[in-house]
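Q: Can you read through this structure? Questions will come right after.
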Amino acid sequence: MAERLAAAATLRAAASSGPLPAGRRAGPSSSAFFRSSSSSSPALRLVSLRAASSRKAKSVGRGRSVRCMAAASDAAQLKAAREDIRELLNTTHCHPILVRLGWHDSGTYDKNINDWPERGGANGSLRFDVELKHGANAGLVNALKLMQPIKDKYPSITYADLFQLASATAIEEAGGPKIPMKYGRVDVTGPEQCPPEGKLPDAGPSAPADHLRLVFYRMGLDDKEIVALSGAHTLGRSRPERSGWGKPETKYTKNGPGAPGGQSWTAEWLKFDNSYFKEIKEKRDQDLLVLPTDAALFEDPAFKVYAEKYAADEEAFFKDYAEAHAKLSSLGAKFDPAEGFSLDD
């Protein structure tokens, strides 16, 4: 009985911790480690209205959580949340910023640190204001605003699971591969457990290839995974007034969707395919963005092997990307149950 009461208390704490930061001014958002995109205020209003009508679903969710007290998140609520995320993607086109949300929560992992949560990783810490204020996370407050009504609707799922669910679902809904995800991530409980700033990649370092390896090797990822994950840059755009990169507007972004403007990496920047590698290789279109860390994929001999492969073979890219994304999404996480669980079993 004592163990059950303790588990219930932990779930209540996870559901109630980390309120949305107040008074934050919206900044840039992006689909992965290096990009900027934006979410419109009508989208946020749409999510808020949807959440306001969710009392019945929330009541049902509470009942489910009682039956699944051993897990950090309730599987039935995660499945329902996935459907809400799909609807959100279809109506607001927020795929890029949701990908970035999941990546930045997990991308702080340090393989050289054993203790949780000091090792960083996918633990929901990005919901706290202290981490949202990190320079690399500029604009992710908008993603949190999109996710918070869904979290409120389904209180028996953790932020850590929700962020990774949203990221994987965004890839899949944009036409990308099915990500072999597992769930059950445990949340940190307070801002004092957030990682220090400086864990995420920079878009324009002086030695791009060395910088990518420094950051991603620290996470336990290899060259193939670095290049495959970079392929997510097929989604999204950058706004120079926010990130310092890209053009104010191009022929591909002047009409949106969403708020117009910025510069994208690909012509169809809400479609997940291998066009990123093709465009970076050719560098023919001045309206498409190429960051130093993008160019490095074809300049560094070891990276180039994989970049050339993915430019020529989309199926190979999808396979390697799905595996790398699933690995990234679990970095540093503590799972309950320890082996995690799938929503598709």
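The values are calculated or read from the model by the stated rules, or taken from the named source; none is laboratory data. On a predicted model such as this, the values are computed, not experimentally measured, just so you know. Here the Cβ is made from the backbone with ideal geometry for all residues, glycine too, and neighbour counts use every protein chain on show. Heads up: the accessible areas ignore ligands, DNA and RNA and are worked out on the full protein's heavy atoms, side chains in. Shrake-Rupley method; radii C 1.70, N 1.55, O 1.52, S 1.80 Å.
Q: Could you please find all residues in the range 223-260 being in contact with a His (Cβ under 6 Å, 6 or more places away or on another chain) and open to solvent by 10 Å² or more (accessible area, probe 1.4 Å)? Break it down stepwise before answering.
A: Initial filter on the range 223-260 (in contact with a His (Cβ under 6 Å, 6 or more places away or on another chain)): 235, 257-258.
Residues satisfying the conditions are Pro257, Gly258.
Q: Here is a follow-up. Tally the residues that are over 14 Å from the mean Cα position of the chain (by Cα), farther than 25 Å from Glu197 by Cβ and surrounded by fewer than 24 Cβ atoms within 10 Å (Cβ to Cβ), restricting the search to the range 83-123.
A: Matching residues across the range 83-123 total 8.
Q: Of a type in the set (A, V, I, L, M), open to solvent by 40 Å² or more (accessible area, probe 1.4 Å) and part of a loop (DSSP other than H, G, I, E, B), is that true of Ile179? Lay out the reasoning, then the answer.
A: Numbers: of a type in the set (A, V, I, L, M): yes; open to solvent by 40 Å² or more (accessible area, probe 1.4 Å): no; part of a loop (DSSP other than H, G, I, E, B): yes.
Spelling it out, it is not the case that Ile179 is of a type in the set (A, V, I, L, M), open to solvent by 40 Å² or more (accessible area, probe 1.4 Å) and part of a loop (DSSP other than H, G, I, E, B).
Q: Could you figure out which of (1) free of Cβ contacts under 8 Å to residues at least 12 places away in the same chain; (2) within 24 Å of Val130 (Cα to Cα) isn't true of Pro260?
A: So the condition that Pro260 fails would be (2).
Q: State the number of residues belonging to the range 159-207 that are of a type in the set (S, T, N, Q) and over 18 Å from Leu270 (Cα atoms). It would help to see each step written out before you state the result.
A: Here is the first cut: in the range 159-207, the residues of a type in the set (S, T, N, Q) are 164, 167, 169, 189, 193, 206.
Filter again for over 18 Å from Leu270 (Cα atoms), leaving 164, 189, 193, 206.
Result for the range 159-207: 4.
Q: Kindly provide the set of residues from the range 150-187 that are farther than 27 Å from Asp115 by Cβ and touching a Ser or Thr at 6+ places or on another chain (Cβ under 6 Å), ordered by number.
A: Hit for the range 150-187 is Lys153, nothing else.
Q: Specify which of the listed residues (Trp265, Trp269) is closer than 17 Å to Val99 by Cα, over 17 Å from the mean Cα position of the chain (by Cα) and either among the polar types (S, T, N, Q) or open to solvent by less than 60 Å² (accessible area, probe 1.4 Å) (or both). Break it down stepwise before answering.
A: Details: Trp269 fails: over 17 Å from the mean Cα position of the chain (by Cα).
Exactly one of Trp265, Trp269 is closer than 17 Å to Val99 by Cα, over 17 Å from the mean Cα position of the chain (by Cα) and either among the polar types (S, T, N, Q) or open to solvent by less than 60 Å² (accessible area, probe 1.4 Å) (or both), namely Trp265.
Q: Scan Ala170, Ala160 and give me the residue that is at pLDDT 95 or above, small (Gly, Ala, Ser) and touching a helix residue (DSSP H, G or I) at 6+ places or on another chain (Cβ under 6 Å). Before the answer, list the steps.
A: On the way: Ala160 fails: touching a helix residue (DSSP H, G or I) at 6+ places or on another chain (Cβ under 6 Å).
Residue meeting the stated conditions: Ala170.
Q: Out of all the residues in the range 133-146, which are of a type outside the set (S, T, N, Q) and either part of a helix (DSSP H, G or I) or open to solvent by 20 Å² or more (accessible area, probe 1.4 Å) (or both)?
A: Within the range 133-146, the first condition is being of a type outside the set (S, T, N, Q), and the residues that meet it are 133-136, 138-141, 143-146.
Matches in the range 133-146: Lys133, His134, Gly135, Ala136, Ala138, Leu140, Val141, Ala143, Leu144, Lys145, Leu146.
Q: Still on this model: Taking the range 298-342, which residues are closer than 23 Å to Ala207 by Cα, acidic (Asp, Glu) and crowded, with 16+ Cβ neighbours inside 10 Å?
A: Residue satisfying the conditions is Asp300 alone.
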